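Comments concern the structure below.
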Amino acid sequence: MRRTLPAVLITVLTALSMAGCGNSDSGPVIDQVREAGVLKVGTEGTYTPFSYQGPDGQLTGYDVDVIRAVGDKLGVSVEFTQTPWDSIFAGLEAKRYDLVANQVTVNDERTQKYDLSTPYTYSEGVIVTRADDNSITSLADLNGKTTAQSATSNWAQVARDAGANVESVEGFVQAITLLKDGRVDATVNDNLAVAEYQKQTNDTGVKVAAETGDTSEQAFAARKDSGLMPDIDKALDELRADGTLAQISQKYFGTDVSAPTN
């Protein structure tokens with residue numbers, strides 16, 4: 001009996017410990033965030049001007065500033081995890097972070113699968129080609145062409161729906177590289193990201209050949225039934241009302257992209 005008692009105690013203590021661990025990860029995410037005082041956020045860190053490394057090596061960008069401002073309204077700090085776009089939702093589902101802040105386009109599939117905030121960015125889709133290529137002047141012209149896209153992005157689906165063959169890349173810069181090398185015919189992306197690229201690089205080797213006709217709304221994404229969005233939406237409403245969203249927009253784009261264009 002003396003030999004078996006410690007084993008019994010160990011078993012009981014282990015069970016209690018595991019139960020305690022389970023409790024710490026149960027309940028609405030918002031409660032866990034408030035208790036820890038930290039909102040964990042997944043973002044690319046390579047998508048200028050939304051989420052990227054500044055000259056000082058620190059994470060910065062429009063999305064980064066907006067979610068930090070949301071964190072201030074919630075009274076919590078924001079902790080970032082950088083991850084490629086095509087694995088960003090897998091990281092969310094694996095509970096590596098609580099929220100994705102990376103220009104998540106609102107669509108029916110994501111609305112059904114995730115908790116989405118009210119939109120905080122509005123933009124238009126554009127088609128980028130080589131400067132000397134005049135074969136693409138509309139979305140319909142992508143039929144049979146090859147585009148470079150992040151495989152799980154909304155723009156990849158726009159290209160597929162237009163009949164394009166989509167070659168998967170990790171991000172916009174890689175897409176532009178393949179385009180200029182002649183390995184693909186075009187890339188479809190957000191007009192804000194394309195305008196920022198052209199401003200930063202003055203790249204005369206590519207051009208905006210056409211608009212897709214798609215108006216996109218971007219939102220934050222969390223796991224379904226996270227309980228986060230009422231608080232996130234309230235914070236965004238306050239940031240709109242006090243002019244913070246407009247100020248952040250002006251900082252990165254010279255215009256207010258946080259409001260609908262029409």
Review point. Has the range 69-78 got at least one residue that is at positive phi, surrounded by fewer than 17 Cβ atoms within 10 Å (Cβ to Cβ) and touching a helix residue (DSSP H, G or I) at 6+ places or on another chain (Cβ under 9 Å)?
Key: yes
Exercise for review: Out of Gly54, Gly37, Gly20, report the one residue that is modelled with pLDDT of 95 or more and open to solvent by less than 60 Å² (accessible area, probe 1.4 Å).
Suggested key: Gly37
Check your understanding: Taking interchain pairs and intrachain pairs at least six residues apart, which have beta carbon atoms under 8 angstrom, with the first residue in the range 27-43 and closer than 21 Å to Gln103 by Cβ and the second acidic (Asp, Glu) and surrounded by fewer than 19 Cβ atoms within 10 Å (Cβ to Cβ)?
Key -> Leu39/Glu79; Lys40/Glu79; Val41/Glu79
**Study point:** Odd one out for Ile127, checked against (1) more than 18 Å from Val188 (Cα to Cα); (2) in contact with a strand residue (DSSP E or B) (Cβ under 8 Å, 6 or more places away or on another chain); (3) at pLDDT 95 or above
**Key:** (1)
Check your understanding: Out of (1) surrounded by fewer than 16 Cβ atoms within 10 Å (Cβ to Cβ); (2) modelled with pLDDT of 95 or more; (3) under 30 Å from Thr137 (Cβ atoms), what's the single condition that is false for Ala210?
Key -> (1)
Exercise for review: Residues being open to solvent by 10 Å² or more (accessible area, probe 1.4 Å) and either at pLDDT below 95 or under 22 Å from Thr48 (Cα atoms) (or both): count how many of those fall in the range 91-104.
Suggested key: 1
Practice item. Answer yes if at least one residue in the range 40-49 is charged (D, E, K, R), open to solvent by less than 30 Å² (accessible area, probe 1.4 Å) and not in a helix (DSSP H, G or I), and no otherwise. Key: yes
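The values are calculated or read from the model by the stated rules, or taken from the named source; none is laboratory data. The shown structure was predicted, so the numbers you read here are calculated from the model rather than taken from an experiment. Heads up, the Cβs are rebuilt from the backbone with ideal geometry, glycines too, and the neighbour counts pull from every protein chain shown. To get the accessible areas, we keep the full protein, side chains included, count just its heavy atoms, and leave off ligands, DNA and RNA. Shrake-Rupley method; radii C 1.70, N 1.55, O 1.52, S 1.80 Å.
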